[in-house]
Structure formats: structure tokens, C-alpha cells
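Here is the structure we will look at.
The values are calculated or read from the model by the stated rules, or taken from the named source; none is laboratory data. These numbers come from a predicted model, not from an experiment. Neighbour counts are summed over all protein chains in view; Cβ atoms, including those assigned to glycine, are modelled from backbone coordinates with ideal geometry. For accessibility, only protein heavy atoms count, side chains too; no ligands or nucleic acids. Shrake-Rupley method; radii C 1.70, N 1.55, O 1.52, S 1.80 Å.
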Amino acid sequence: MNIIILGPPGAGKGTQAQRLVERHGLKQLSTGDMLRAAVKAGTPVGLKAKAVMEAGELVSDEIVSALIGDELDAMGAGTGAIFDGYPRTAAQATALDAILESRGRKLDRVIELEVNEDALVERITGRYTCATCGKGYHDTFEQPKVAGTCDKCGGHEFKRRPDDNEETVRTRMAEYRAKTAPILPLYEARGIVSRVDGMAEMDAVTSAIEAILA
């Protein structure tokens, strides 16, 4: 089973992908993670990507495709994949089709996590973590039981991601709508797109996805 999870940043793609990994033994393929791992390992593709990044340029679709191909080859034919954060454009969608076909695979399902932009802004801009253990909190939805003290480790230092601000979130949403959302019709024509309310509770989103896959 090979699945794409689509949705803007903050929609919960990573969380749901990890749950699918645990429940179905799939492999989560996050292009950002794969890129960092390839650079650290010094693979041929990683060295090429490192040179591009050090030059201040964007990593090309060709390099990303090579990364995905290498990862699929390493996984073996018996393991399914969850594509998280890829494809982002129509060109990448076409490339992914070719990558899968050349390895005797096919795309089984595309799941889009639908969100409300204003609610997503609140969700993202309010989140913060314990600086010691990394436990997540939120200004509105999940505060420490004792103010200023982490429930998990008792730490008193907290931090926020610098890009968790309204301007950045809305820019990412606009980029998603402009670049990624247009690939959906390509998959809709095949009848493999399903949509889930990404603003629901995490367990409810998981249940909806499981129902689709069943």
C-alpha cells in the first residue's frame, strides 16, 4: 500500500503518518528527513544535494526523485510507503508516478487533510514545547497542569519555533493552495482521493483515515 498525505503545514500530516507506520508497518518518507540523512551519510545523492544547498540554491526535483528512488529500493518491495510532504507540484507528481511504476508499485490512495485557515493559524501560533524534554503544549488547548512547570519532566524552560507566527503560517497556506492543491485533480481523475477533516481531534482523524483504507 502506497499513500500520499496532503495538507498545509500544521494540518497534522506527520502525526497521522506516524500512526499509519505503527498500525500498518508502512515506511514514512519525508523528503526533508531523507535529505538530511543522505547529506549526513555522504551518499552520492546526498553529496550532490549538499553542494546545491551550500550554494544557496533549492534542491531540484531530480535530486528529490533520486532520494525517493533510493529509499524505495532500500525498503524492498514488501513494504508500503507514506509520502509526507511530497509531491508538492504537478511535476513532482508526474515524477513519482514514474518512480513507482519503474519499481512495480502503484499509488493506492491520496488523503487530503482539510483545514480552516483561521483555526489553523490559532493552532500553530499557540503551540510551544518544553525546552528540556520536548513535550508539546498550547496556549489555548493544552497548558501545563502547574503554570510554568512541564508535566513530564518538571522543567521550567519553554520554547516556540521562530516560524510559528501568523505571517509565516498564512504564507505557507497560500503556497500550498497555489502549488500543491492543483495536483489533486490529477489524482481525482483516478478516483483515489479522499478528504478528511484535519481540524477534528487527532483520534477522530485517525479513525477516518483507517475507514478509508479499509
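Within the range 142-201, how many residues are part of a helix (DSSP H, G or I) and not hydroxyl-bearing (Ser, Thr, Tyr)? Working first, answer last.
The initial filter retains those residues of the range 142-201 that are part of a helix (DSSP H, G or I), namely 166-188.
Still in the list and also not hydroxyl-bearing (Ser, Thr, Tyr): 166-167, 169-170, 172-175, 177-179, 181-186, 188.
Matching residues across the range 142-201 total 18.
In the range 146-171, the residues that are more than 15 Å from GLU117 (Cβ to Cβ) reach residues that are open to solvent by 90 Å² or more (accessible area, probe 1.4 Å) with C-beta atoms within less than 7 angstrom, at least six apart or across chains, in these pairs: GLY148/HIS156; THR149/HIS156; CYS150/THR132; ASP151/LYS145; CYS153/THR132; GLY155/THR132; GLU157/THR132.
GLY76 meets each of the listed conditions (1) open to solvent by less than 60 Å² (accessible area, probe 1.4 Å); (2) farther than 22 Å from GLY104 by Cβ; (3) more than 20 Å from the chain's Cα centre (by Cα); (4) not β-branched (Val, Ile, Thr) apart from (2). Only a single criterion out of (1) open to solvent by less than 20 Å² (accessible area, probe 1.4 Å); (2) in contact (Cβ under 8 Å) with a residue 24 or more places away in the chain is not satisfied by TYR137, namely (2). Is it fair to say LYS106 is surrounded by fewer than 16 Cβ atoms within 10 Å (Cβ to Cβ), under 28 Å from LYS179 (Cα atoms) and in contact (Cβ under 8 Å) with a residue 12 or more places away in the chain? In short, yes. Being of a type in the set (D, E, K, R) and either within 13 Å of MET75 (Cα to Cα) or at pLDDT below 85 (or both) is the filter here, so list the residues in the range 15-35 that pass it. Correct list: LYS27, ASP33.
With the structure loaded, tell me whether PRO162 is over 28 Å from LEU213 (Cα atoms) and open to solvent by 60 Å² or more (accessible area, probe 1.4 Å) or whether it fails that test. Lay out the reasoning, then the answer.
On the way: over 28 Å from LEU213 (Cα atoms): yes; open to solvent by 60 Å² or more (accessible area, probe 1.4 Å): yes.
Criteria met by PRO162.
When THR89, THR132 are screened for being polar (S, T, N, Q) and closer than 15 Å to ILE4 by Cβ, only THR89 passes. For LEU120, the criteria (1) in a strand (DSSP E or B); (2) in contact (Cβ under 8 Å) with a residue 60 or more places away in the chain; (3) in contact with a Gly (Cβ under 8 Å, 6 or more places away or on another chain) hold in every case but one, which is (1). Contact annotation: residue pairs with Cβ atoms under 8 Å, 6 or more positions apart or on different chains, pairing a residue in the range 54-67 that is modelled with pLDDT of 85 or more with a partner that is surrounded by fewer than 17 Cβ atoms within 10 Å (Cβ to Cβ) and assigned to a loop (DSSP other than H, G, I, E, B), are ASP61/THR89. Selection of first residues in the range 5-34 that are under 17 Å from ARG109 (Cβ atoms) and of second residues that are basic (Lys, Arg) and part of a loop (DSSP other than H, G, I, E, B), restricted to Cβ pairs under 6 Å at least 6 apart or on distinct chains, gives an empty result.
Kindly establish whether ARG103 is out of contact with any Phe, Trp or Tyr (no Cβ under 8 Å at 6 or more places or on another chain), more than 22 Å from ARG36 (Cα to Cα) and at pLDDT 95 or above.
Details: out of contact with any Phe, Trp or Tyr (no Cβ under 8 Å at 6 or more places or on another chain): yes; more than 22 Å from ARG36 (Cα to Cα): yes; at pLDDT 95 or above: no.
In short, no.
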